[in-house]
Amino acid sequence: MIRCEKLFIIVCFLPAIAHSAENLETVMARMAAHRAIKTSYNETRYLDLLDKPWSGAGFFYAKPPSQLVKLQLSPERVVMAADEKKLWYYDAKHGVHFDGKISQDDPITMGVASFQALINGDVKRLQTLYRLQFSTGNGYWSLLLLPKPESKSMKLPQMEVSGREGKAAQKIVVQQLDNADHSEYLLGESTEGSQPDSEISALIREAKGYD
Amino acid sequence: MPVKWRLRLYFLLLALAITVTFFIVRVKADLSTFFVTGTSTEEILLANEMQSGKLSRQYIASLRCDGLESAALTSFVNRFSDSVSKLKDVQGVWQPGQNQQLIDKLLPLYLPHASQIYSLEPEQYLSRLFTQEKLDQRAQLLKTSLLSLQGRRVKQIALQDPLLFTFSAFEDLTKFNQTTPKPSQDYITLIIESSLSGLAGAEQHQLQATLQALFTEQNSKIEIACTLEMTGVPIFAAATETMIKADIQRITIIASIGLVIVFLWIFRSLTALFWVSLVLLSAATGALLVTTLIYGYVHGLTLAIGTTLIGICVDYPIHAMVHASATNRELKEQAILKIWPSLLLGGITTIIGYTALGLSGYPGFQQIATYAGTGILISLLFTRFILPDLMTDRPVRSTVNLGMERWLNWCDNWHGLAILFVLVFATGAMFRLPSLQWIKDLSELTPEMDDLKAQDQRIRARFTSIEPGRFILVRGDDVESVLQKSETLYRLLDQLKDKDALASYIGLYPWLVSNALQKRNQLALDKYWQGNALELWHHALEKHGLSVRRLGDIRPQEKSHLQPHEILMSPASRLFSSQLVINDGRVMAMVWLAQHDPDSVRSAVNKLEGVSYFSQRDILNKLANDYRMQAVKMLFFGLSVIFLLLIIRYRSPANALRVLMPAVSAALFIMTGLSFLSIPLSFIHLVGFLLAVAVCVDYGIFFLENRSGNITLTYHAMAASMLTSAMAFGSLSMAENASLKALAVTVALGVVLGFLLCPIFIRPGQERISFADRH
């Protein structure tokens, strides 16, 4: 899930991928976040082991060059944070804590590589893992990321990022390729500046279990 | 046999022996011969495992790349690992505790057996679990886990094991991995398992050079310089072997040059040097041949210590040549024949000393004793049967004045005072003996390895909090019995954890579970799922919005038990390979311990049969003590046999005591000196005293018997022998190996002191001819 979320947050923080005249390269060039940023989200997961879809909500934070935080506030508080080397996950209510290195051997953390590529606008790196299909139409833009056959062993999910023309990303759909499980993220407005910056630091400490 | 033919036969035999030796001799420098083992079966098995088991073949490599971003770091480590794994002498490369792919591979193996491995106490576990409240919590855990970061993996587990028994089984292990603080996050640890024996120093040295070269090659491809540090048995083995080889080379060169200089100074004759060289060649060839025939090889350390043989072997011909040089040409053989009984007795006492050394119990010393004993015997035979023939019709130059006459005169004039002084000093030394300091830990015998030991501790501390030197050993005749005993032990250890006497432990559970426990787990579960437990579980699933259709069936799917051989053949075996030893029909399991109270753990564990608490430090201390006691025994045994031999020879205990006193006093004075200098003694020092005594007794015999009838000449001959012995043993002090240095100090000082004390303790009362008159 983390790879989807990271990819998602980066994309949603992007300046609008605005005009149909734009191509992938020009969009990617604008992708790199330059300041700390925060945006709200609503998540719906469709898992075949659940009787009904599960919903959650909270905020995504990102800060260049590589920090990412997902703060889930409902149904309960869960913090997930990552930097370029490590990943932390902390569910205080259920006492679940994860602290691991980001590794190509681990499909769960593999999305970080995509994250790094996206944040740097590194199309080449991204294209080593995904086949990218950028399209526009009917006032919307869409970026479809299809795992390449050679990265099949990493079990990357398929992702689709979309938004209105001239606007930031509004929706991300993450679809597992080996079953019907999928998640949808609806994104709100973003805020930038010093407040998200200080919140990120506090949330990373929380995810690490320092607080 | 005519002289001419006797010499021809000698040279023919020598040539033949050299040829045969050249073709059959095999010199080994690996440490296995000198590897310390214990006396109990477990200690020997552990020692075998340390020498040839998986543990001994593993390197722990610690990589650090400051400033390298994650993807590049992963790529760097993967490239390095790939290139290492392709080496023909490498069996595997992996990251401990980080191999997610390995866990993914193991899930299909363990999941079908989840209902057989979930608890060490299944009845208690299930009675706590099968209440509505606890099942609700379990369903909640399942849901939380499905929605967590690890959701995909949890789904795979839940489909076969909805009650998450696998979580329960691995709970302690997971907790250990997650809660145990890793002192450093800045390093990446790789385990590199080689296919070579860990103690094959030369081959391991080559492999280490290759690993470094591969690392440098990968390093050159990135902008940031990464560092690589390694530890493990092969690192110590290679370093030790390199040190031994360097020591052999250094000692041989220094001893040879030193002896040639001393010899030429005393005899001023190249011809005499040639004769002595022949003794050395004969003794070394014979010693190599006999040692190879008996043991199949000659160890490098045998050669290093055997080099000191040069000093002892040449004692006899030198003694003979000094006496011969003082007579007419025609009387040379008679002069040698005259002193031959003394030489023979001296040789026998020295061989007794080396035999006692061989019985000291320290590994490898038997070979040194064989090597030295053979060399001495050949030297004696050469002196008696070949040297006189060589000297016939050849002039021997008179030897240089070594100034011993003045010491003899002083001892003569001040004999009463001298003996009083020595006896007072010896009595004082006796009082000092109880305050002697002893080395209590065998590892202190290798201070030259301190840097490597510190590096080893540093690297290990980076990735584990397990105490490497202390563990619990479970032993039995087969895997099943060992697993059953281990499971009883884990229950005991869990109680110690509750009492805070033990922070944590790593055993074989749940990787390996006994058939008995698997059966017990399954039987316990069978009682529940047929009752209302199923209804309770369905209710819990519904409450948390989980699919009853997909997760409601909790009937055990697998009836057959998970067998040890299945696990041992799987990648899981890598995770506990260092904890299970199967050897010659004996099985041992090791349980690693984190921080703990040794006394509590030891007393708890001792209640179980076939289970014992092991502390590497305790084992080494015990071994050091055992060796010391054995060395003391052998020192007294050697002294007693020599004393007995001397009594038989002289039919006088007083004379026997006089012969022994210089040697014993010398050893006593050196011990006192070391005590005043606060230098702790080890069994190596005792071995040195034994050798010094064996050599010094020769001087006592020569001096007491004074077969030439000229005590000045006899003492002069003894001085020449003493100088070469001291030179040879003294050259050992040039070694890097601390044990060889200890031998150097005790033996070299011992022979000098023993020689000087002879005129004080022994009064031969024979004719005195001054050195000047003699010439």
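Can you work out which of the residues in the stretch B:530-540 that are out of contact with any Ser or Thr (no Cβ under 9 Å at 6 or more places or on another chain) and open to solvent by 10 Å² or more (accessible area, probe 1.4 Å) is farthest from B:Asp478 (Cα to Cα)?
Out of the qualifying residues, it is B:His539.
Of all the listed residues (B:Ile647, B:Ile684), the sole one being in a helix (DSSP H, G or I), closer than 26 Å to B:Lys622 by Cα and of a type in the set (Val, Ile, Thr) is B:Ile684. Scanning the stretch A:34-68 for residues that are open to solvent by 60 Å² or more (accessible area, probe 1.4 Å) and either within 27 Å of B:Gln160 (Cβ to Cβ) or small (Gly, Ala, Ser) (or both) turns up A:Tyr46, A:Asp51, A:Lys52, A:Pro53, A:Ser55. Here is the figure for the stretch B:222-233: residues that are farther than 19 Å from B:Asp456 by Cα and out of contact with any Phe, Trp or Tyr (no Cβ under 8 Å at 6 or more places or on another chain) total 3. Residues that are modelled with pLDDT under 80 and either open to solvent by less than 40 Å² (accessible area, probe 1.4 Å) or not polar (S, T, N, Q) (or both) within the stretch B:93-102 comprise B:Trp94, B:Pro96, B:Gly97, B:Asn99, B:Gln100, B:Leu102, listed in sequence order.
The set of residues from the stretch B:197-225 being open to solvent by 50 Å² or more (accessible area, probe 1.4 Å) and part of a helix (DSSP H, G or I) comprises B:Glu203, B:His205, B:Gln206, B:Ala209, B:Gln212, B:Ala213, B:Thr216, B:Glu217. Scanning the stretch B:226-238 for residues that are in contact (Cβ under 8 Å) with a residue 40 or more places away in the chain and either over 14 Å from B:Ile60 (Cβ atoms) or crowded, with 20+ Cβ neighbours inside 10 Å (or both) gives B:Cys226, B:Thr227, B:Met230, B:Thr231, B:Gly232, B:Val233, B:Pro234, B:Ile235, B:Phe236, B:Ala237. Note on the stretch B:313-332: residues that are outside any helix (DSSP H, G or I) and at pLDDT 80 or above total 1.
Each residue in the stretch B:131-167 was checked for being away from every other protein chain (no Cβ under 14 Å), open to solvent by 20 Å² or more (accessible area, probe 1.4 Å) and in contact (Cβ under 8 Å) with a residue 12 or more places away in the chain, and 2 of them qualify.
From the set of residues in the stretch B:631-659 that are among the β-branched types (Val, Ile, Thr) and within 20 Å of B:Leu343 (Cβ to Cβ), which is surrounded by the most Cβ atoms within 10 Å (Cβ to Cβ)? Filtering first and then ranking leaves B:Val659.
With respect to B:Ala744, is the statement that it is under 19 Å from B:Leu343 (Cα atoms), within 26 Å of the chain's Cα centre (by Cα) and at pLDDT 85 or above true? In short, no. Looking at A:Lys52, A:Lys38, just one residue is at pLDDT 65 or above, in a strand (DSSP E or B) and basic (Lys, Arg), and that residue is A:Lys38. B:Pro662 - would you say it is open to solvent by 10 Å² or more (accessible area, probe 1.4 Å) and either modelled with pLDDT of 90 or more or in contact with a Lys or Arg (Cβ under 9 Å, 6 or more places away or on another chain) (or both)? Judged against the criteria, B:Pro662 is not a match.
Taking B:Ala304, is it open to solvent by less than 30 Å² (accessible area, probe 1.4 Å), touching an Asp or Glu at 6+ places or on another chain (Cβ under 9 Å), in a helix (DSSP H, G or I) and small (Gly, Ala, Ser)? Yes; evaluated as a whole, the condition is true for this residue. Residues that are open to solvent by 70 Å² or more (accessible area, probe 1.4 Å), of a type in the set (D, E, K, R) and touching a residue at least 12 places away in the same chain (Cβ under 8 Å) within the stretch A:166-211 comprise A:Lys167, A:Lys171, A:Asp178, A:Glu189, A:Glu192, listed in sequence order. Restricting the first member to the stretch B:50-78 and to residues that are within 9 Å of chain A (Cβ to nearest Cβ), and the second to residues that are part of a helix (DSSP H, G or I) and modelled with pLDDT under 85, the beta-carbon pairs closer than 6 Å and six or more apart or on different chains are B:Ala71/A:Ala113; B:Ala71/A:Gln116. Just one of (1) modelled with pLDDT under 70; (2) within 8 Å of chain B (Cβ to nearest Cβ) fails for A:Tyr89. It is (1). Can you name the residue in the stretch B:119-130 that is hydroxyl-bearing (Ser, Thr, Tyr) and surrounded by fewer than 19 Cβ atoms within 10 Å (Cβ to Cβ) and, of all such residues, is farthest from the other protein chains (Cβ to nearest Cβ)? Looking at residues that are hydroxyl-bearing (Ser, Thr, Tyr) and surrounded by fewer than 19 Cβ atoms within 10 Å (Cβ to Cβ), I get B:Ser127.
The values are calculated or read from the model by the stated rules, or taken from the named source; none is laboratory data. This structure is a prediction, so every number in the text was calculated from the model and none was measured. Note that each Cβ is placed from the backbone with ideal geometry, even for glycine, and that neighbours are counted across all protein chains shown. Quick note on the areas: whole protein, heavy atoms, side chains included, nothing else; ligands and nucleic acids left out. Shrake-Rupley method; radii C 1.70, N 1.55, O 1.52, S 1.80 Å.
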